[in-house]
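Heads up, the thing below is written out as structure tokens.
The values are calculated or read from the model by the stated rules, or taken from the named source; none is laboratory data. Predicted, not measured: the structure shown is a model, and the values here were computed from it. Cβ sites come from the backbone with ideal geometry, for glycine too, and all protein chains shown count toward neighbours. Surface areas here come from the heavy atoms of the whole protein model, side chains and all, with no ligands, DNA or RNA. Shrake-Rupley method; radii C 1.70, N 1.55, O 1.52, S 1.80 Å.
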Amino acid sequence: MSEKPQAIEVRKVAIKHVSDASGLEELIDSGVIEADRVVAIIGKTEGNGGVNDYTRIIADRVFREVLVTKGSRSVADVKQIPIVWSGGTDGVISPHATIFATVSPEKTIKTDEPRVSVGFAMSEAILPEEIGYMGMVNKVAAAVTIAMARAGITDPADVHYVQTKTPLLTIHTILDAHSRGMKVWTENTHESMDLSNGTTGLGVALALGEVKSVSDSDIMHNRGIFSAVASCSSGVELDQAQVVVVGNVRGIGGRYRIGHSVMKDALDQDGIWAAIRSAGLELPERPHHTDLKGRLVNVFLKCEVSPDGIVRGRRNAMLDDSDVHWHRQIKAAVGGVAAAVTGDPAVFVSVSAVHQGPAGGGPVAAIVDLGE
């Protein structure tokens, strides 16, 4: 029997330089959150967003050091906290982190309205030869189910955001597979980022019933099947799927609520506004960022270049550009759209969204503050 979930405090802090965790320190020192109650961190770092993006490792280290120094948990315990870093702040996207922490019952605002709850799980180890195949899909799906239960969510419709971090392929893991007589889906390590994310997206979709079945032949090919709530990142830091499920639960109390929608294409501002409305904010028919009145904590988006190279009937050259990879171009473009909607460049925009939202678009989650 899992413990009853507790109310969640959610705050966004700036990252002022590549090794800065002062925003987290200030939240703890001011009593907004307790170090020992931090349950997840999701953030953007300013590296290249690629296989060798060291800024994720630096940020991970300094944020965990703060939790050890300011709290009573051991180094080993703090290492178990899910901290997901998405590298690459192309364009106007600003480095930042969103902190999730439980709130003690005596400090919790009482309400029976749906409020944010968070659950976490780690999958079984994922072998390099499983990336891109049903072996990985099934392991991710099992972890999502566990995380959902830990969040106290029984209805998949109450899940609005699933943030994952999964292994990608490196030269080392490719050689490991070969040494055991196994083949891998691709030997292009950069391509394996898209592959890992897409496979994971289908694992989320399967767990939540967004798709009824998946096969090896669907992965990276059948773009018509996807999760509308999955936000999948991959890196070299782990050999398991790290899964954070964020949804709404009645009765736990708190100030924050989450909602979601999808962007149909890279310019779909209405998809972002729909996610904010889904989270519970009342907005005019044609909203402006000033209508948010400081109640939007953050938005979390995945984006992808449309495979036909077209946006709103107009051709673009991102997929043909040999100078700047399309990952960086689409991230900058969608980041600009999201910042224009929210009025804040500190938005979580991550690329490589195959099987996460419709082709050429992507899922959007929004967390809002409904407190006094």
Please go through the range 135-169 and pick out each residue that is aliphatic (A, V, I, L, M) and under 17 Å from the mean Cα position of the chain (by Cα).
-> Val140, Ala141, Ala143, Val144, Ala147, Met148, Ala151, Val159, Val162, Leu168
Would you mind telling me which numbered condition in (1) within 21 Å of Arg11 (Cβ to Cβ); (2) in contact with an Asp or Glu (Cβ under 9 Å, 6 or more places away or on another chain); (3) among the β-branched types (Val, Ile, Thr); (4) open to solvent by 10 Å² or more (accessible area, probe 1.4 Å) Val349 fails?
-> (4)
Glu9 of a type outside the set (S, T, N, Q), surrounded by fewer than 16 Cβ atoms within 10 Å (Cβ to Cβ) and out of contact with any helix residue (DSSP H, G or I) (no Cβ under 7 Å at 6 or more places or on another chain) = no
Conditions (1) more than 19 Å from the chain's Cα centre (by Cα); (2) open to solvent by less than 10 Å² (accessible area, probe 1.4 Å); (3) hydroxyl-bearing (Ser, Thr, Tyr); number of the one not met by Ser30 | (2)
Look at Val39 and say whether it is assigned to a strand (DSSP E or B), open to solvent by less than 10 Å² (accessible area, probe 1.4 Å) and either under 25 Å from Thr108 (Cβ atoms) or without any contact (Cβ under 8 Å) to a residue 24 or more places away in the chain (or both).
-> no
Residue list for the range 288-317, filter: open to solvent by 30 Å² or more (accessible area, probe 1.4 Å), over 18 Å from Pro363 (Cα atoms) and either of a type in the set (A, V, I, L, M) or not in a loop (DSSP other than H, G, I, E, B) (or both) | His289, Thr290, Asp291, Ile310, Arg314, Arg315, Ala317
Confirm whether Val204 is in contact with a Cys (Cβ under 9 Å, 6 or more places away or on another chain), at pLDDT 95 or above, β-branched (Val, Ile, Thr) and within 27 Å of Asp158 (Cβ to Cβ).
-> yes
Within the range 198-222, the count of residues that are over 23 Å from the mean Cα position of the chain (by Cα), in a helix (DSSP H, G or I) and without any contact (Cβ under 8 Å) to a residue 24 or more places away in the chain comes to 1
Restricting attention to the range 47-70, report how many residues are assigned to a loop (DSSP other than H, G, I, E, B) and buried (at least 19 other Cβ atoms within 10 Å of the Cβ).
-> 3
Residue within the range 183-194 that is among the small types (Gly, Ala, Ser), surrounded by 23 or more Cβ atoms within 10 Å (Cβ to Cβ), under 28 Å from Trp85 (Cβ atoms) and touching a Pro at 6+ places or on another chain (Cβ under 8 Å) present = no
